[in-house]
Amino acid sequence: MPVNGTNTQNTQPKSAAASRADSAKQNTQPKSAAGSRSDSAKIREGFTKVRNGGASYARHTAERSVDVPVGAVLTVANRVTDIVEPFTARQTANQELKSIRTRVERELNRLERRGATARRKTRTRVRRTRGRVERELTRRRRKVEATVKSNRARAENRVKRAQDVVSERVSTLV
């Protein structure tokens, strides 16, 4: 801070090295009687800073509370202008509509391709699953048929043996 009491404030922050260099200069310079200030001068300066700092903060807050909505309105106005501007002349309106139509058609084609791909994949998956289920069913049916056939053959053999046994017993009795 200069001796004459003026406030020279730098808007850019100092680097760490610059801060250390400044503090080293301040510590190495001898204080002269004329150069040092009294405690009352330092206190007066502190009160002035507090008073001006509060006013500055209030002023900054008031400016900001006005600047934000104004900036928002200007941004919205620019965007509306950008949207409406192509439709102000007939030729540019037609060009803009053609451009929009082209983009919509492109998007629809992309969606159609994606849907067709999904449908084909699903159809393939269903065919594969159906084939697997049919093969499994055929395998199980053959297994059941073979089991029934062997059980029938065994049952017929047992019945035939039982008939033979009964026939022999009857013939021995008669």
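The values are calculated or read from the model by the stated rules, or taken from the named source; none is laboratory data. A quick note: this is a predicted structure, and the numbers were derived from the prediction, not measured. Please note: Cβ atoms are built from the backbone with ideal geometry, for glycine as well, and neighbour counts cover all protein chains shown.
Could you please let me know if ARG114 is outside the structural domain of ILE83 (by TED's automatic domain parsing), assigned to a helix (DSSP H, G or I) and either exposed (fewer than 10 other Cβ atoms within 10 Å of the Cβ) or more than 29 Å from the chain's Cα centre (by Cα) (or both)?
Numbers: outside the structural domain of ILE83 (by TED's automatic domain parsing): yes; assigned to a helix (DSSP H, G or I): yes; either exposed (fewer than 10 other Cβ atoms within 10 Å of the Cβ) or more than 29 Å from the chain's Cα centre (by Cα) (or both): no.
No: the conditions fail for ARG114.
Just the residues that are among the polar types (S, T, N, Q) and outside any helix (DSSP H, G or I), please, taken from segment 146-174. Spell out the reasoning first.
We begin by selecting, within segment 146-174, every residue among the polar types (S, T, N, Q); these are 147, 150-151, 157, 163, 167, 171-172.
Hits for segment 146-174: nothing passes.
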